[in-house]
Amino acid sequence: MGELRRAIYEITNLYRSYRYYEDSSWRGTYEEEGGGVLMNQAIHQLDLLLYLTGLPASVRAFMKEGFHRPMTTENDAALHLFYENGASGHFLASTHESPGLNRLTLSFSKGQIEVEDDAKLKITRLSEEEEDFARKTDQHFLHVAKTVEEYSFSILGNSEEHRRTIGNFIKAIQGKEKILCSFEDGLKSITLVNAAHLSFWSGEEVPMTFSEVEYLLHFKGKVEEEKRVRSLQKKR
């Protein structure tokens, strides 16, 4: 497919009601959950995105905290990702939209991959590198010749996905299988989430090599702010 040019992941169908947050006081808090939609619901999609594209060099994030929900962490996030090779990425996640979207698009120099609702796959293959075509064609608007493949899949339930994941973990410990998601892979997702939070809190683009001390200072500040807000709410 060539070199990555752009990655777009819209995962805005992670709907959660008021009752979801009200039934468990730890949900939607920095102190006990460590974050909101990025740390909890959309972390799995971030895992997948980074598995496919690798860790970006930096991120600029925009978020909304407690948007139409009784919570203090982010439930609406827009991440602009910057990759070493010049490619860009966009990751959108929320828990307040209904029905919301679940769509992944990866654009390359020789094609494009689209996945929708975890059940539909469209692969577009270009006949040659896009820039090679653009350099030699005498046409202004003509696109590169392409072929398209489309597939559909049945969706595994959460219980089956969990069963297979846990089974792989056990067999990896026993030396029977290679672990599908390593510690290093998981750490990449946490690194990106923390960098995104720091970007939102500081209002700046943040590299993946950000200062842990700076992050912790901001995080502790958010926890203290959260405690004050919740204390005032209890007095009302």
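Values quoted throughout were computed directly from the atomic coordinates according to the rules given, and no laboratory measurement underlies them. On a predicted model such as this, the values are computed, not experimentally measured, just so you know. For neighbour counting, all protein chains shown are included, and Cβ atoms are generated from backbone atoms with ideal geometry for every residue, glycine included.
Just tell me, in residue order, which DSSP H segments of the chain are both 18 angstrom or longer along the helix axis (alpha-carbon based) and at least -1.0 in mean Kyte-Doolittle hydropathy.
Taking the DSSP H segments of the chain (at least 18 Å long, mean hydropathy at least -1.0), we get 158-173, 183-202.
In whole angstrom, note down how far apart the Cα centers of the stretch 190-207 and the stretch 79-114 are.
Spelled out, the Cα-based centre of one part sits 18 Å from the other.
Under 8 Å for C-alpha pairs, at least 6 residues apart: give me the relative contact order for the chain, rounded to a whole percent.
RCO, the chain: 23 percent.
Computed over the Cα atoms of the stretch 4-235, what is the ratio Rg over Rh, Rh following Kirkwood?
Using Cα coordinates only, the ratio equals 1.02.
Compute the Rg to Rh ratio over the stretch 109-236 from the alpha carbon atoms, using the Kirkwood formula for Rh, and round to two decimal places.
Radius of gyration over Kirkwood radius for the stretch 109-236 works out to 1.16.
Checking the cross-link filter: which aspartates and glutamates have an alpha carbon closer than 19 Å to that of Lys120, excluding same-chain neighbours under 8 positions apart?
Qualifying aspartates and glutamates at Cα under 19 Å: Glu10, Glu149, Glu150, Glu161.
With charges only on Cβ, +1 for K and R and -1 for D and E, what is the dipole size of the stretch 4-138 about its Cα centre, in debye, rounded to 20?
220 debye
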